[in-house]
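The values are calculated or read from the model by the stated rules, or taken from the named source; none is laboratory data. Owing to the predicted nature of the structure, the values given are computational and were not obtained by experimental measurement. A quick note on method: Cβ atoms are made from the backbone with ideal geometry, for glycine too, and the neighbour counts reach across all protein chains shown. Keep in mind that these areas ignore ligands, DNA and RNA; they rest on the heavy atoms of the full protein, side chains included. Shrake-Rupley method; radii C 1.70, N 1.55, O 1.52, S 1.80 Å.
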Amino acid sequence: MESSSKNELSKVYEPGINEPKISKIWEDADAFKPAGDPAKEPFCVIMPPPNANGTLHAGHLMYTIEDIAIRQARMQGRPTLWLPGTDHAGIETQYVYEKELAKQGQSRFDLGPDEFYKQVMAFTKKHQASALSGFKSMGFSADWSKLKFTLDEDIIDVVYDVFISLHSDGHVYRGNRIVNWCPRCQAAFPDIETEHIDRDDAMYTLDYGTVQIATTRPETIFADSAVAVNPKDHNYELLVGKTATIPLVDRAIPIIADSYVDPQAGTGALKVTPAHDKNDYEIGQRHSLPEISVVDEEGKMINVPQEFAGLEVLEARKAVVKALDSAGKLVSTEPLTHSIAIHDRCSTPIELIISEQWFLRVKELNQPVIDAIEKDEVSFYPTRYKRNALNWLNQEHDWCISRPGWWGIRIPVYYKTSNDPAKDAYLIAKTEAEAVEYYGAGNYRTETDTFDTWFSSSQWPYATLMTSGKGDFEQFYPTTLMATAHEILHKWVTRMIMFGLYTTKQVPFKNVYLWGTVTDEKGQKLSKSKGNYEDPMAITAEYGTDALRMALSIGITAGNNGAIYNEKIQGYRNFCNKLWNVARFVLAKVPPGTDPSKAELLSPADHWVINKINSAIKSVTRDIESYHFSEAGQTIYTLLWNDIADKYIEYSKQSPNYALLAYCLDTILRLAHPFAPFITEAIWQSTMWTDSNLISEHWPNIIHKSSTAQAKQFEIEIIKVVSANQQDANKVEALKLRRELAAKQNQLKLTAAKLNNSSFVANAPSAIVKAEKARSKQAEQTIKDLEVEIEKLESS
RNA sequence: GGGUGAUUAGCUCAGUUGGCUAGAGCGCUUCGUUUACACCGAAGAUGUCGGGGGUUCGAGUCCCUCAUCACCCACCA
């Protein structure tokens, strides 16, 4: 740091001044690039690509978890790559940009596909830049030079190759199927991209002549192909094989038997509308019923009597009900609250229609995924998501992968045109030239649909590493850790495993860490629309990025929601300041030329603090390696504040061991660096015993052995030391020691009771019994020591 | 309808294969301090670990059951 010479730190840590300087030091040193010892196991994280259509949200802050893992691995000397990227987010981005256009009274149709694509690209690049600068200011040490985007040409090429291969292996098909259709987006979506909301509607009972039919969708009666009843339903058994009559149009339809029908539901007779209901579609398939569409892609009525044609679904419902009523065919109307499907991005009610789309047959492709997960070739944190993933994989339906968007990766298909467009053969080719080369000259039209954005992003781990630089794939695939939000386990994580296994024969990551939702103190999800989401930049400006990072990683555990609020962040700001001041104290006292690695243990206090540090090194190392970030952070917090600051430094004021003091600071900086990279690096830059950058320094090892007996001795001494400045010090101490004594006596009683319990001695593992005996002996000794101490104090 | 999670101090939450006297931060009470730090220190109060049952020498931790809340999937004639 240029402004202050080494060894002199300002009184209060100022994140706003330090953070940009530290970022620059890392950048200049190229510290985020993979380095490390090639003999060691590589560590690689592929960053979940944020959607490049808006500013960062609270979930993105959780990437802190990945940075902690990455920074530890880097310090452990492993070749370490955190590969960043962004996602074009297909339909979603298109929707966001169309809203922008609408503000200026325009629609995408005013621009046309090419101009629209150009504008959305510019829009996306703008947001990408702001997302990246947000990530950088969070201290995320990803290798930004390798940044990938889902619309990069080389990525698209990988996606195309995989599609072509899937097609030739028979996993891809094109067909007319019933799909969830969003009339607003004019696109089909799989179930997983729909949500359900409750709506107040009505249940109408209609007169079909021979039977009565209950329905919530009277406007679809014109699409009925049959009436179905349960074959075991005696009320209707005589009617099977006869006909019912659709009111208003007086069309006769067969009455069929199908065991799907629930005799208890509605009237027990079901109108079968294969073109607009999933279950009816299945029934229709079983009985070869005609599929009559009455709702088109814009959500308007077609193939219906003139008076209803062109109406929107809900208007049509009103009109049909009115007509039924005046025709005397409406038996009853009852209010009903039921849930309806909406598109999760734009909240438009979903229509079920039959549409020609591209599908991926998932059953076969999922089987290797199920096997791999069952064999624990990938570990889930928390483990319960293993079962969750398996449940989903076992029941996933074929995945509709085509979207009629203008913003995305065009499906690499051409149609050789003929006189009848319905008969045009489709041909798989990346470009028209390729199509001509393979299939001969002719008139070609291109497929206009694009891939579902998850189709490309689910290939992210290998697609990025194959294109990020020479040797990256060989060195870093399969990757070490995939950490992302739990709500995209099905949409993304399981599909990445599926594509990974299909394309590379390997699970693309060894560990999956799923975080929960970031909430406020009341458990409400943080969101701008709810007004409880503060711009992280404002938080970091006030409290420092390190404080925010600690608030995000401590007290929040895998799979659970975590609350984040000002008081919590403030608490970790205080921690940072504590660390800063410990450094100020140590750096002001330690004489030049001190080498912390050559420190010697001289006093019981020295043994005590080394004892604390050694066990902290052990547990922090283990906890980060096993993704228990919260535990690791807690340990560091306690070590710095309770052990080093409150006890060892207080003791040092009387009887200093400077080299060891320096060692304490040195070690705590290393341990805390993954959590609080900025402040630890800022202090590191001011230490006089090194000129390196902390980010590239080695992870702490245990280098001093401490004596437990001496450490214990200090436990008693410390009470005297820290209260030495108090008035009535002796009295306070004696009181405190008496309390300690009572606790010890109680402990002795409990241990004695245990040891007297013959079944405990007989059944408990010998190590536990041994430990209990040792504890008992120790308690006896401590009680003696304390009694002596108290005697001394009270007599003086 | 099926599933998962949560329930631990006033609040927000830790507690990794069952094993030291159940913890932390914030808040609260009392006292103190100004050359590391009021973004501070010392001392303190607060818990039938949601209820009930079981397994075990030993349960916050494992099993069963009930309750409340949250989420996910499916269905909704």
Can we say A:Q264 is part of a helix (DSSP H, G or I) and either within 16 Å of RNA strand B (Cβ to nearest atom) or under 20 Å from A:P190 (Cα atoms) (or both)?
-> no
Which of the residues that make up the range A:620-663 are of a type outside the set (G, A, S), assigned to a loop (DSSP other than H, G, I, E, B) and surrounded by fewer than 18 Cβ atoms within 10 Å (Cβ to Cβ)?
-> A:K653, A:Q654, A:P656
Among the residues of the range A:246-269, how many are in contact with a strand residue (DSSP E or B) (Cβ under 6 Å, 6 or more places away or on another chain) and open to solvent by 50 Å² or more (accessible area, probe 1.4 Å)?
-> 3
Sole exception among (1) farther than 30 Å from A:T504 by Cα; (2) in contact with a Leu (Cβ under 9 Å, 6 or more places away or on another chain) for A:L360, by number = (1)
Leading residue by the ranking (nearest to RNA strand B (Cβ to nearest atom)) among those in the range A:612-649 that are basic (K, R) and under 30 Å from A:Y513 (Cβ atoms) = A:R622
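In the range A:86-145, what count of residues is obtained for those that are within 21 Å of the chain's Cα centre (by Cα) and of a type in the set (A, V, I, L, M)?
Matching residues across the range A:86-145 total 6.
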For A:S457, work out the one condition from (1) within 20 Å of A:K375 (Cβ to Cβ); (2) touching a residue at least 60 places away in the same chain (Cβ under 8 Å); (3) touching a strand residue (DSSP E or B) at 6+ places or on another chain (Cβ under 7 Å) it doesn't fulfil.
-> (1)
Since A:I768 meets every condition but one in (1) within 48 Å of the chain's Cα centre (by Cα); (2) farther than 17 Å from A:E715 by Cα; (3) more than 8 Å from RNA strand B (Cβ to nearest atom), which condition does it not meet?
-> (3)
Inspect the range A:315-325 for any residue being surrounded by 15 or more Cβ atoms within 10 Å (Cβ to Cβ) and either in a strand (DSSP E or B) or within 12 Å of RNA strand B (Cβ to nearest atom) (or both) and give the result as yes or no.
-> no
So which helices (runs of 4 or more DSSP H) stay within the range A:470-554 end to end and still have 1 or more residues that are more than 21 Å from A:V158 (Cα to Cα)?
-> A:536-543, A:545-553
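Kindly indicate which of A:I610, A:I617 is assigned to a helix (DSSP H, G or I), buried (at least 19 other Cβ atoms within 10 Å of the Cβ) and either touching a His at 6+ places or on another chain (Cβ under 6 Å) or without any contact (Cβ under 8 Å) to a residue 40 or more places away in the chain (or both).
Only one candidate qualifies: A:I610.
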Residue count, the range A:205-231 (criterion: within 9 Å of RNA strand B (Cβ to nearest atom), open to solvent by less than 30 Å² (accessible area, probe 1.4 Å) and touching a residue at least 60 places away in the same chain (Cβ under 8 Å)) = 1
Test: A:A672 is at pLDDT 95 or above and open to solvent by less than 10 Å² (accessible area, probe 1.4 Å) | yes
Which residue, of A:L665, A:L601, A:L660, A:L669, is in contact with a Phe, Trp or Tyr (Cβ under 6 Å, 6 or more places away or on another chain) and more than 10 Å from RNA strand B (Cβ to nearest atom)?
-> A:L669
Looking only at the range A:17-53, and only at residues there that are in contact (Cβ under 8 Å) with a residue 12 or more places away in the chain and basic (K, R), the one that is farthest from A:L465 (Cα to Cα) = A:K21
Has the range A:247-270 got at least one residue that is aromatic (F, W, Y), in contact with a Pro (Cβ under 8 Å, 6 or more places away or on another chain) and touching a residue at least 12 places away in the same chain (Cβ under 8 Å)?
-> no
Given the conditions (1) more than 15 Å from RNA strand B (Cβ to nearest atom); (2) in contact (Cβ under 8 Å) with a residue 40 or more places away in the chain; (3) over 17 Å from A:V211 (Cβ atoms), and given that A:S288 satisfies all but one, which numbered condition is not satisfied?
-> (2)
Selection status of A:L111, in a helix (DSSP H, G or I), farther than 19 Å from A:F451 by Cβ and among the aliphatic types (A, V, I, L, M) | yes
Tell me which residues, restricted to the range A:221-252, are among the charged types (D, E, K, R) and more than 22 Å from A:Q264 (Cα to Cα).
-> A:D250, A:R251
Checked the range A:100-134 for anything open to solvent by 20 Å² or more (accessible area, probe 1.4 Å) and of a type in the set (S, T, Y); matches are A:S107, A:Y117, A:S130, A:S133
Flagged in the range A:162-181 as open to solvent by less than 60 Å² (accessible area, probe 1.4 Å), away from RNA strand B (no atom under 16 Å from the Cβ) and at pLDDT 90 or above, in numbering order, are A:V162, A:F163, A:I164, A:S165, A:L166, A:H167, A:G170, A:H171, A:V172, A:Y173
Checked A:L548, A:L526 against criteria (closer than 26 Å to A:R384 by Cα, of a type in the set (A, V, I, L, M) and either more than 10 Å from RNA strand B (Cβ to nearest atom) or in contact with an Asp or Glu (Cβ under 7 Å, 6 or more places away or on another chain) (or both)); the one match is A:L526
Residue within the range A:65-85 that is polar (S, T, N, Q), open to solvent by 10 Å² or more (accessible area, probe 1.4 Å) and in a helix (DSSP H, G or I) present | no
Residue, farthest from RNA strand B (Cβ to nearest atom), within the range A:556-576, restricted to residues that are surrounded by fewer than 18 Cβ atoms within 10 Å (Cβ to Cβ) and part of a helix (DSSP H, G or I) | A:N566
In the range A:443-498, the residues that are surrounded by fewer than 21 Cβ atoms within 10 Å (Cβ to Cβ), over 30 Å from A:G36 (Cβ atoms) and among the polar types (S, T, N, Q) = A:N443, A:T446, A:T448
From the list A:I340, A:I283, A:I292, which one is part of a strand (DSSP E or B) and on the phi < 0 side of the Ramachandran plot?
-> A:I340
Pair list, Cβ < 6 Å and 6+ apart or interchain, from the range A:190-201 residues that are under 21 Å from A:E487 (Cβ atoms) to residues that are polar (S, T, N, Q) | A:T194/A:N180; A:H196/A:S339; A:D198/A:T337; A:D198/A:S339
Name the one entry in A:V586, A:V590, A:V609 that is near RNA strand B (Cβ under 9 Å from one of its atoms) and of a type in the set (A, V, I, L, M).
-> A:V586
Among the residues of the range A:633-645 satisfying the criterion of being touching a residue at least 60 places away in the same chain (Cβ under 8 Å) and touching a helix residue (DSSP H, G or I) at 6+ places or on another chain (Cβ under 7 Å), which is nearest to A:C44 (Cα to Cα)?
-> A:G633
